[in-house]
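The values are calculated or read from the model by the stated rules, or taken from the named source; none is laboratory data. All values reported here derive from a predicted model rather than from experimental measurement. Cβ placement follows ideal geometry from the backbone for every residue including glycine, while neighbour counts extend to all protein chains displayed.
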Amino acid sequence: MVFGFGSSSSSASSSSSSASSSSPTQDGLGPERPAPTREERKACWTSRDIYFGCLDKNHVIQAGDEIQPDPKGNGIGVSKVCGREREGYEKDCGKAWIDYFNKRRTLELRRQATIDAAEKSGNRDKADAWRSVSGGGSSGR
């Protein structure tokens, strides 16, 4: 995988010999990587939608909250729900994309909760104002 896509295991580094032999970028942070292909982007979006659907089904608001600390104290998180879906999401999407999608999900859920609370209290003006705020949603591409 490229552009930060895929796991940080050896499979990511062996996917392209040109990416691993590239010179560091001007900022010195590592080799330049090409942008993801259309197929890689689609795979990322699909994995994201599956993972977020699992979170919704299990009433998990913030991505990552489903991971509980290891009771044995090994420092490794244990996912009670959505573990397989999260693995696919992390495999198919770059870290920057994951951070972005997770933040967008949280903001959109908060926005919707604010709209729901305003409607419940009878404040239609506030609800309409929040509806006009672009939330984008998790599937906005």
Inset, instruction - Would you check which residues across the stretch 46-62 are in contact with a Cys (Cβ under 7 Å, 6 or more places away or on another chain) and over 18 Å from LYS103 (Cβ atoms) and list them? - result: CYS54, ASN58
Inset, instruction - Taking the residues in the stretch 34-63 that are of a type in the set (S, T, N, Q) and assigned to a loop (DSSP other than H, G, I, E, B) as candidates, determine which candidate is modelled with the lowest pLDDT. - result: GLN62
Inset, instruction - Look through the stretch 81-95, keep the residues that are crowded, with 19+ Cβ neighbours inside 10 Å and assigned to a loop (DSSP other than H, G, I, E, B), and return whichever of them is modelled with the lowest pLDDT. - result: CYS82
Inset, instruction - Would you be able to say whether some residue in the stretch 64-80 is in a helix (DSSP H, G or I), modelled with pLDDT under 95 and loosely packed, with under 13 Cβ neighbours inside 10 Å? - result: no
